[in-house]
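Scroll down for the structure; my scribbles are underneath it.
The values are calculated or read from the model by the stated rules, or taken from the named source; none is laboratory data. Because the structure is a prediction, the values reported are computed rather than measured. Cβ sites come from the backbone with ideal geometry, for glycine too, and all protein chains shown count toward neighbours.
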Amino acid sequence: MRPRGGEQPVVGEATFRSYYGQPILNRPVWAAPDIPGYLFLGGLAGASSVVAAAAAASGRRSLARASKLSSTAAIGLSGAALVHDLGRPARFYNMLRVFKPTSPMSVGSWLLAGFAPMSAAASVAALTGRFRLAGAAGTVGAAALGPLVATYTAALVSDTAVPAWHEGHREMPFVFAASALASAAGMGLAAAPHSETAPLRVLGAAAGAAELGLIEAMKRGMPDVKGAFEAGRARRYEWGARVGTAAGVVAAVTLGRRGRFGAALSGACLLAGSALTRFAVFEAGIASAEDPRYTVVPQRRRLSEGART
């Protein structure tokens, strides 16, 4: 309370510090660009497998082939990024020694191990024209696992004590799902013939718009932590993601109709926006772990709410 007579308060603003000025939480050992790249590429791979199955079922052979190849390439690069961050391949193999349903990392490892061979089988059949039965089985199997591959990473990062990740655990899977669909549509628009991409223009515009809206909803749902998204690298990445995704949405419904160049431009913007979204989420998490206020303020609010109820 301010003293009478316009005097300055005796007690200054509260500061959020921990013992010896150290962060309350340990900084995540995950590093960029490996882990944000892993998050993005896994989403692209999973969603592209769904697009490939839908394209194959509707007779869009070139789009189906392009989506299958992009799915296989993305899951391969995603696995490489994960192994590189782990330090050596044996650490990934060791995670397959047991299956623990309560561990997102364990479930994700088994998802990758099952999804990658099926995606590869679909791609080999599409490229060679041989092994059609195995290719069809791989296409269906990869499409069945695709939504899980695209979104399990949201559970992986949310199931931590990192404030910017944990506080967004309700919306994060939907953000990642929309972002993955936008990237898969973008890849198809960039790689497939224009005559086969009409459904992708609708999908890309809808998924991109949903991605933008869901990110804002996620930030509104964690008022004590959203500041981590609005400073430093996270702010720059989020701004880039917003611009890229919005440009992709607009181009999909305007330039994308006119020809191959417009469709490819829309696809490139959607891909860039999706990738930058993952980098923004990653950097916001790192920033929130390093700043004690993002741990202290939500705890105090929950204690106050608990006391009132």
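Can you find even one residue in the stretch 210-222 that is surrounded by fewer than 20 Cβ atoms within 10 Å (Cβ to Cβ), out of contact with any helix residue (DSSP H, G or I) (no Cβ under 9 Å at 6 or more places or on another chain) and not in a helix (DSSP H, G or I)?
For the stretch 210-222, residues surrounded by fewer than 20 Cβ atoms within 10 Å (Cβ to Cβ), out of contact with any helix residue (DSSP H, G or I) (no Cβ under 9 Å at 6 or more places or on another chain) and not in a helix (DSSP H, G or I): present.
Kindly provide the set of residues from the stretch 167-183 that are assigned to a helix (DSSP H, G or I) and touching a Pro at 6+ places or on another chain (Cβ under 9 Å), ordered by number. It would help to see each step written out before you state the result.
Narrowing the stretch 167-183 to residues assigned to a helix (DSSP H, G or I): 172-183.
Once the filter is applied, which keeps residues that are assigned to a helix (DSSP H, G or I) and touching a Pro at 6+ places or on another chain (Cβ under 9 Å), the stretch 167-183 yields A177, A180.
Looking only at the stretch 248-307, which residues are modelled with pLDDT under 90, surrounded by fewer than 18 Cβ atoms within 10 Å (Cβ to Cβ) and under 30 Å from S195 (Cβ atoms)?
Once the filter is applied, which keeps residues that are modelled with pLDDT under 90, surrounded by fewer than 18 Cβ atoms within 10 Å (Cβ to Cβ) and under 30 Å from S195 (Cβ atoms), the stretch 248-307 yields L255, R257, R258, G259, R260.
So which helices (runs of 4 or more DSSP H) stay within the stretch 38-142 end to end and still have 1 or more residues that are in contact (Cβ under 8 Å) with a residue 40 or more places away in the chain and over 25 Å from V157 (Cα atoms)?
Ranges flagged: 61-86, 104-128.
Could you please let me know if F115 is modelled with pLDDT under 90 and touching a Gly at 6+ places or on another chain (Cβ under 9 Å)?
no
Just name the residue that is nearest to the chain's Cα centre (by Cα) out of those in the stretch 151-161 that are under 14 Å from A289 (Cβ atoms) and hydrophobic (A, V, I, L, M, F, W, C).
Out of the qualifying residues, it is V157.
Give me the residue from the stretch 192-209 that is aliphatic (A, V, I, L, M) and part of a helix (DSSP H, G or I) and, out of that set, nearest to the chain's Cα centre (by Cα).
So, considering only residues that are aliphatic (A, V, I, L, M) and part of a helix (DSSP H, G or I), the one nearest to the chain's Cα centre (by Cα) is A207.
Would you please list the contacts, defined by Cβ atoms under 6 Å and residues six or more apart or on different chains, that run from a residue in the stretch 177-204 that is farther than 14 Å from S266 by Cα to a residue that is in a helix (DSSP H, G or I) and among the acidic types (D, E)?
A178/E211; S179/E211
Could you list all residues from the stretch 241-266 that are touching a residue at least 40 places away in the same chain (Cβ under 8 Å) and either assigned to a helix (DSSP H, G or I) or among the hydroxyl-bearing types (S, T, Y) (or both)?
T245, G248, V249, A252, V253, G256, R257, R260, A263, A264, S266
Could you look through the stretch 25-64, keep only residues that are in contact with a helix residue (DSSP H, G or I) (Cβ under 7 Å, 6 or more places away or on another chain) and among the β-branched types (V, I, T), and pick out the one that is surrounded by the most Cβ atoms within 10 Å (Cβ to Cβ)?
Within the stretch 25-64, the match that is surrounded by the most Cβ atoms within 10 Å (Cβ to Cβ) is V51.
Tally up the residues in the stretch 184-200 that are hydroxyl-bearing (S, T, Y) and surrounded by fewer than 24 Cβ atoms within 10 Å (Cβ to Cβ), please.
The number of residues fulfilling the criteria is 1.
May I ask you to verify whether A164 is over 13 Å from the mean Cα position of the chain (by Cα), closer than 23 Å to N26 by Cα and buried (at least 23 other Cβ atoms within 10 Å of the Cβ)?
yes
What residue, among those in the stretch 239-283 that are under 24 Å from F174 (Cβ atoms) and among the basic types (K, R), is farthest from the chain's Cα centre (by Cα)?
R242
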